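**Q** Here it is, the structure in full.
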Amino acid sequence: MTDTTLLLGQTLSFAADPFEVPIDDAVRHQSDGAVLIKDGKIAALGRREDLCAEFPDVKRVDYGKSLIMAGFVDAHAHYPQTTMIASWGKRLIDWLNTYTFPEEMRFSDPAYAAEIADRYLRLTAQNGTTTMASFTTIHPGSTEALFQAANTRGQRVVAGKTCMDRNAPEELRDTAQSAYDDSKALIDTWHGKGRVTYAITPRFSPTSTPDQMRALGSLWAEHPDCLMQTHLSEQTDEIEWVKSLYPQARDYLDTYEALGLLGERGLYGHAIHLEEREIARLTEVGAAVVHCPTSNTFIGSGLFDMAGLKSRGLSVGLATDTGGGSSFSMLRTMAAAYEIGQLRHSALHASQLMWLATQGSAKALHMQDKIGNLATGMEADLVVLDLASTEAIAQRVDQASEFWESVFPTIMMGDDRAIEAVWINGVRV
Ligand code: GUN
Ligand code: ZN
């Protein structure tokens, strides 16, 4: 049976990357727009008048002046850190040891993992996020819990078992062989099942031995259509530690590169303090870096160079990094990206922030032809934004003289109250 719905409202889609072409050429905004959803896909996109005439008998949902756009794509998160978000006062390595590792130990219990996976997908959907790339814990059951919860919702998700065989508590250590075996078994069972994509996941160089990194590099070579996600150059003392653990490495990226963990489908979270060779290599191979702005300020990591890296042609996604990041909201994440841009004397335009949170992240995940934009044939993962969700925002929007001026207050001041509706796989959630 076909399930067809016509959504009416303002619509926003992208014809190109607004970092690369003038904003008016990159953006398609329709103030009287319509989106036809059919069988989980976007079947048509156009003007309200035209689509209402073309599909007179279809069920309609009228969102008035609200903005219909692609659901947000969070390119780097840790769902097991849901309950420890906003933990006070530590920098990266102490934060991991004090808060993160004790919480991740609880995921040896599959029932606990299932409870938190469900809660996490609920909280993120309430904030308009329809796809995420998440780390899990070393327990294969924690990865299965997220895949199960996502497939039950028909939701696209990327995740992988987090691998660590050193510099972590005994209960959170696997081995090179078990990391390979467990990850491979999860790939065989889950990769491509429903809307699941597997990401091979060494946590970061300090918590994997070279043997483990090599084993995961081999696994990636055997499954090149999998993604690979990890962390790179987040804090300066972390980088010093990496250099002491890998004295042969030319730089942090080389600890991955030398062991088979640099590739086009690689996702490198944070990437704040990059050296010139690292930028050149990441760009050359077409890998993606992921900007995690609320995390980078919360843990005190540094100011990501968005303008510089985008101008080099590097693929950049945007992410919450829950729970190092201090919010589940991609709106809040865009606001933090804007603020970091300002601190670097580069004001990101609202269209660029929206692009990063949708197409940019989807591109980083190599899913830009499926999600992250409104276009015919794309999967129907949508968010509807109320651009006047609070009195404070509404009174500012009253003064707006053009479209982007009416959107920017929601980016800077909006929260889950701005999320009027979320559609996942063509179904309202
Ligand atoms: N580096 C290694 N693990 C983590 C993590 O869980 N969060 C953040 N922000 N950085 C990391
Ligand atoms: Zn992370």
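**Q** Return the whole-Å distance between the Cα centroid of the range 201-276 and the Cα centroid of the range 16-75.
**A** Comparing the Cα centres of the range 201-276 and the range 16-75, I get a distance of 39 Å.
**Q** Provide the FRET efficiency to the nearest 0.05 for the Asp118-Glu402 pair, computing r from the beta carbons and using R0 = 45 Å.
**A** Calculated transfer efficiency: 0.65.
**Q** Pop the C-beta distance of Gln177 and Lys243 into the FRET formula with R0 = 30 Å and round what comes out to the nearest 0.05. Write down the numbers at each step before the final one.
**A** On the way: r = 27 Å, r/R0 = 0.90.
Efficiency, from the Cβ-Cβ distance: 0.65.
**Q** Give the residue from Thr297, Thr236, Thr390 lying farthest towards the positive end of the charge dipole for the chain; charges sit on Cβ (+1 for Lys and Arg, -1 for Asp and Glu) and the dipole is referred to the Cα centre.
**A** It is Thr390, whose Cα lies furthest towards the positive end.
**Q** How big, in percent, is the set of alpha carbon pairs in the range 367-415 lying more than 14 Å apart?
**A** Numbers: 655 of 1176 pairs.
Value for the range 367-415 (Cα pairs over 14 Å): 56 percent.
**Q** Stick to the Cα atoms of the range 261-336, pair each with every other, and give me the Kirkwood hydrodynamic radius in Å at one decimal.
**A** Working: mean 1/r = 0.0795 Å⁻¹.
Roughly 12.6 Å, rounded to one decimal.
**Q** Say a paramagnetic label sat at a point 7 Å from the Cα of Arg106, along Cα to Cβ; which residues of the range 143-179 have their backbone N under 12 Å from it?
**A** none
**Q** As an exercise, find the ratio Rg/Rh for the range 1-141 from alpha-carbon atoms, using the Kirkwood inverse-distance average for Rh.
**A** A ratio of 1.13.
**Q** Moving to a separate point now. Hey, got a sec? Which chymotrypsin sites (Phe, Trp or Tyr not before Pro) in the range 59-112 land in a DSSP loop and have at most 14 other Cβ atoms within 10 Å?
**A** Values: sites: Tyr63, Phe72, Trp88, Trp95, Tyr99, Phe107, Tyr112; in loops: Trp88.
Within the range 59-112, the qualifying chymotrypsin sites (Phe, Trp or Tyr not before Pro) (loop, at most 14 other Cβ atoms within 10 Å) are Trp88.
**Q** Which entries of Lys90/Lys161; Lys41/Lys65; Lys243/Lys363; Lys310/Lys370; Lys90/Lys184; Lys38/Lys363 show an alpha-carbon separation above 27 angstrom in the structure shown?
**A** On the way: Lys90/Lys161 25 Å; Lys41/Lys65 23 Å; Lys243/Lys363 30 Å; Lys310/Lys370 22 Å; Lys90/Lys184 35 Å; Lys38/Lys363 24 Å.
With Cα atoms farther than 27 Å apart: Lys243/Lys363; Lys90/Lys184.
**Q** Using only DSSP helix segments of four residues or longer, with each worth -39500 (n - 2.57), what per-residue ellipticity at 222 nm results for the chain after dividing by its residue count and rounding to 500? Please list the in-between numbers first.
**A** Details: 18 runs with 159 residues, N = 429.
Mean residue ellipticity, 222 nm, calculated: -10500 deg cm²/dmol.
**Q** Give me D for the chain in µm² s⁻¹, whole number, from Stokes-Einstein with Rh from the Kirkwood sum over alpha-carbon pairs, 20 °C and 1.002 mPa s.
**A** 99 µm²/s
**Q** Collect residues whose amide H, placed 1.01 Å from N in the peptide plane, falls under 5 Å from the amide H of Ala159; neighbours closer than 5 in sequence don't count.
**A** Correct list: Ser134, Thr197, Ala199.
**Q** If packing is taken as the mean number of other Cβ atoms within 10 Å per residue, what is the order of 39-47, 199-207, 342-350, 395-403, highest first?
**A** Values: 39-47: 17.3, 199-207: 25.1, 342-350: 14.6, 395-403: 12.3.
Descending packing order for the listed peptides: 199-207, 39-47, 342-350, 395-403.
**Q** Considering the options Phe147, Tyr268, Gly89, tell which one lies farthest towards the positive end of the dipole of the chain, charges being +1 on Lys and Arg and -1 on Asp and Glu at the Cβ, about the Cα centre.
**A** Value: Phe147.
**Q** Going by the alpha-carbon gyration tensor, a ≥ b ≥ c the square roots of its eigenvalues, is the range 324-429 rounded (a/c under 1.5) or, if a/c is not under 1.5, prolate (a/b greater than b/c) versus oblate?
**A** In terms of gyration-tensor shape, oblate.
**Q** If you take the alpha carbon radius of gyration of the range 176-247 and divide it by 2.2 N^0.38 Å, what ratio comes out, to two decimals? Display every interim value, and only then the final one.
**A** On the way: Rg = 13.6 Å, N = 72, 2.2 N^0.38 = 11.2 Å.
Rounded to two decimals, the normalised Rg is 1.22.
**Q** Ok, one more. Sorted by mean Cβ packing within 10 Å, highest first, what order do the peptides 289-297, 79-87 take? Present the calculation step by step, with values, prior to reporting the outcome.
**A** Working: 289-297: 26.9, 79-87: 19.8.
Going by the mean number of other Cβ atoms within 10 Å, highest first, we get 289-297, 79-87.
**Q** Could you check the spin-label model distance between Glu222 and Ser346? Points 7 Å from the Cα along Cα→Cβ, value in nm.
**A** Label at Glu222, label at Ser346, 4.0 nm between them.
**Q** Using each residue's phi in the range 343-356, evaluate 6.51 cos²θ - 1.76 cosθ + 1.60 at θ = phi - 60° and report the 3J(HN,Hα) Karplus result to the nearest Hz, with x for Gly and Pro.
**A** 5, 9, 6, 9, 8, 6, 6, 3, 5, 5, 5, 5, 5, 4
Every number here is computed from the coordinates shown, using simple stated rules; none is lab data. Being a predicted model, the structure only gives us computed values, none of them experimental. Reconstructed Cβ throughout: ideal geometry from the backbone, glycine too, with neighbour counts over all protein chains shown.
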